[in-house]
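> Have a look at the structure that comes next, please.
The values are calculated or read from the model by the stated rules, or taken from the named source; none is laboratory data. Because the structure is predicted, anything quoted here is derived from the model rather than measured. Here the Cβ positions follow ideal geometry from the backbone for every residue, glycine too, while neighbour counts run over all protein chains shown.
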Amino acid sequence: MGTLALYAIDPATGTLDRQDVLLPPVTARRVFSIAEDRLAWTTTPDSMGRTQLHVMVWGSFGRGEIRSRDLLQQELIPAF
């Protein structure tokens, strides 16, 4: 388990822009998937073993996030 955060890169300088936080630090499992326009991760299981799949997308349309229903740890989670 760990913490996941996502920051934008300033296109003019190519440096990390700590003022442009796409995803503030969240507790997450160590496995995640990232592409040019999306980030997918699962939350750490709660005391009942439930977790959720989160998918954040961004682009010229703005930013958005979807979450799955509660999943049990042993259930299959789709890959992105």
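> Given the condition in contact with a strand residue (DSSP E or B) (Cβ under 7 Å, 6 or more places away or on another chain) and assigned to a loop (DSSP other than H, G, I, E, B), answer yes or no: does some residue in region 1-11 qualify?
yes
> In addition: Pairs, please: C-beta under 6 Å, at least 6 apart or cross-chain, first residue without any contact (Cβ under 8 Å) to a residue 24 or more places away in the chain and in region 56-70, second assigned to a strand (DSSP E or B) and surrounded by 13 or more Cβ atoms within 10 Å (Cβ to Cβ)?
From residues that are without any contact (Cβ under 8 Å) to a residue 24 or more places away in the chain, the pairs are Val57/Arg38; Gly64/Val57; Glu65/Met56; Ile66/Val55; Arg67/His54; Ser68/Leu53; Asp70/Arg50.
> Out of everything in region 28-58 that is of a type outside the set (A, V, I, L, M, F, W, C) and in a strand (DSSP E or B), what residue ends up being farthest from Leu71 (Cα to Cα)?
Per the stated criteria, the residue is Arg38.
> Give just the number: which of (1) in a strand (DSSP E or B); (2) modelled with pLDDT under 90; (3) surrounded by fewer than 13 Cβ atoms within 10 Å (Cβ to Cβ) does Pro25 not satisfy?
The single condition Pro25 does not satisfy is (2).
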